[in-house]
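Readers should treat all values here as calculations from the given coordinates under stated rules, not as data from a laboratory. Values in this document were obtained by computation on a predicted structure and should not be read as measured data. Cβ placement follows ideal geometry from the backbone for every residue including glycine, while neighbour counts extend to all protein chains displayed.
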Amino acid sequence: MGKRGPKPGHGVAGPGRPPIDPESKIDSTMVEVVEKMAPIQCTQEEISAFIGISLKSFHNHKPLLHAYKKGIDRGKSSLRRIQWKQAEEGSTAMAIFLGKNYLKQSDKIIHSGDDDNPINNVMTIRYVDAEND
């Protein structure tokens, strides 16, 4: 502030655009978009860019955050259901994946030997002459 007080249009907070209430820009259509994008694991950054709001506004709007959390969880459970179905239908790879992730199974191969007689690894390299084969 100068000797004469603040300039017209400049309050105590300083010059610039007045703050926009994040609630005023958000509508039910945006919440529906979040509910559709979150289950396919879109990030908050991607969704806020798509619906045309800042990430800060996204974070400040509780209904959007609630829809996002609900959608992320719904997408994960849907993916898990598909994986279980594949394992039940005989997918060996999916059964192994689920066993490793949920039953803590592993493919570890432990090589051991005693101190006096360690395991020896031998590698043989054979060169093939393509012209004489």
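Using a 10 Å cut-off on Cβ atoms, rank the peptides 68-74, 96-102 from the highest mean neighbour count down.
Working: 68-74: 16.0, 96-102: 12.9.
Per-residue mean Cβ counts within 10 Å order the peptides as 68-74, 96-102.
How big is the dipole moment of the stretch 22-102 about its Cα centre under a simple scheme where the beta carbon of each Lys and Arg is +1, that of each Asp and Glu is -1, and everything else is neutral? Debye, nearest 20, please. The partial results should precede the final answer.
Numbers: 12 positive and 9 negative charges, 52 e Å.
Its charge dipole is roughly 240 debye.
For the peptides 115-123, 59-67, what is the packing order when you average, over each peptide's residues, the other Cβ atoms within 10 Å and list the highest mean first?
59-67, 115-123
Jot down the radius of gyration and Dmax of the stretch 22-102, Cα atoms only, both in angstrom.
In Å, with Rg to one decimal and Dmax whole: 16.5, 52.
S28 to K100: FRET efficiency via 1/(1 + (r/R0)^6), r the Cβ-Cβ distance, R0 41 Å, to the nearest 0.05?
Working: r = 42 Å, r/R0 = 1.03.
Between S28 and K100 the formula returns 0.45.
Is there a pair in K69/K104; K36/K56; K25/K56; K36/K62 whose C-alpha atoms are over 24 Å apart, and which pairs would that be? Walk me through the intermediate numbers first.
Working: K69/K104 27 Å; K36/K56 20 Å; K25/K56 12 Å; K36/K62 17 Å.
Cα-Cα > 24 Å for K69/K104; rest within.
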